[in-house]
Every structure is written in C-alpha cells, then in structure tokens.
1. Sort the following peptides by mean Cβ neighbour count (other Cβ atoms within 10 Å, averaged over residues), highest first: 108-118, 136-146.
2. Among 78-87, 173-182, how do they line up from the highest to the lowest mean number of other beta-carbon atoms within 10 Å?
3. Once you put a point 7 Å from the Cα of Asp141 and another 7 Å from the Cα of Asp58, both along the Cβ direction, what distance in nm separates them?
4. What is the chain's relative contact order, in percent, from Cα pairs under 8 angstrom and six or more apart in sequence?
5. Alpha carbon centre of the stretch 115-169 versus the stretch 171-199: separation in Å?
6. How many Lys pairs in the chain lie less than 23 angstrom apart by Cα atoms, where the lysines are 8 or more positions apart or on different chains?
7. Residues with amide H under 5 Å of Ala113's amide H, sequence separation 5 or more or different chain, H placed in the peptide plane at 1.01 Å from N; which?
8. Once the convex hull of the alpha carbons of the stretch 56-167 is built, what does its volume come to per residue, in cubic angstrom?
Amino acid sequence: MRAFIFDIDGTLIESMSVDTELYFSSITEVLGPVRVRDKLSDYDHVTDSGILAQLLDDNGYSPDEKAVAEVRAIFVRGLKKHIENVGPFTVIDGAAQFFESARKKSDCRVAIATGGWRASALLKLESAGFHIDGVLLATSDDSQSRVEIMRSALEQIGDDVGSVTYFGDAEWDRRACHDLGWDFVAVGPDVGGIESYVNVKL
C-alpha cells in the first residue's frame, strides 16, 4: 500500500499569494498594527496556528484563543468574499485528475496535510472543484507543527503503508519530509518542482 499526501496552497491550487495577504490582513484587523517577520520561513512553524502563536509572542501578547478564533473567522470570511468577487481558485494543471486517480487506485491511500486551518482548507478545495467527501484531512487545527500535521494525516491513513510520498511547494515541506523519512515531490518554481501533474505517474 502506498500513501500519497498533499499540501494545498501552491500544490493543488494557485492560492498562496491571496492566502498570505488575507491571513495577515485578518491579523491586523484583530490586533491592530503588529511586527511581522520578514519572511514566512523566519517562523518556526509555517502554519496558520504556528505563525499566529509566534506573532502574538513577538508582539508581547499572551496566548489568546479568543483572538485566534477571531482571526480565523475573519480570514475565512475574506476567502469567501474573494471567491465571490474574483471566482474560484485555479487548480494546478492536472492536479484534480491526479488526486482523483490516486483516490480510486486500490493500492493507494490519499490524504491532505496542510498548514492552513480546516475551515479555510475545505473552502478553497471546494471552490476549486475538488471532490472532498470522505477525504482524510490534517490541518493547523490539529497542531502548530507541520511535521505533526503530516504525521496526523498518515495516522488517519493507517499503518499498513509501504511508502509515503508528500507533494509540497516549499522548502519547509521538503525539510519536514526529510525529518519524517518520506519521499518528496516538489511542486512549483520556488522549489524547482513540477508545474503540471499531467505526466506524473502513479
């Protein structure tokens, strides 16, 4: 049995720039002006909950579940408004077909492990036309750590897999795969990866 686990933003759909802009504007709406690190990779855990926890600490705030919930709600509303005004997120070439083909193969198990929150992940996938009924999903609601999110996705699949392949678009995805001992398929130009799934073999 083979496990195929996917990131979302920049891996299945073209959403990274919009996602990042709306995420930080949601934080500012709740907290006001805050100090933000220069790059996403400057944060220990590049996940929605991980970045927000460290940002709160950087700016002298105590951990605040109410603030986190407010940021998440505003962020999801912003994504909904973007979809209403601009349209659904664009699917990476061939990603939906590859994803569905993997789900249908008897020797494959498929899951999603994303640094995004569950509500926003489902919203983006649905907008892009992915069939997500019954999909195994691990998100930033489960952990701040990308490695732990990815491990949670594999736990949902089960322990009867012989190999695990993760599809991701960032160096932090590559590092997490190295830490876990998983195979890594790079997606997109930032990691010198594939820009289409059309010729990827199952």
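1. Final packing ranking: 108-118, 136-146.
2. Sorting 78-87, 173-182 by mean packing, highest first, produces 173-182, 78-87.
3. 2.6 nm
4. Once normalised by length, the contact order is 32 percent.
5. Spelled out, the Cα-based centre of one part sits 15 Å from the other.
6. 7
7. Correct list: Phe6, Asp7, Ala138.
8. 132 Å³
Any read-out appearing in this document is the output of simple, stated calculations on the displayed coordinates, not a laboratory observation. Fair warning: this is a prediction, and the values are worked out from it, not measured in the lab. Positions of Cβ are generated from backbone atoms using ideal geometry, with glycine treated the same way; all protein chains shown enter the neighbour counts.
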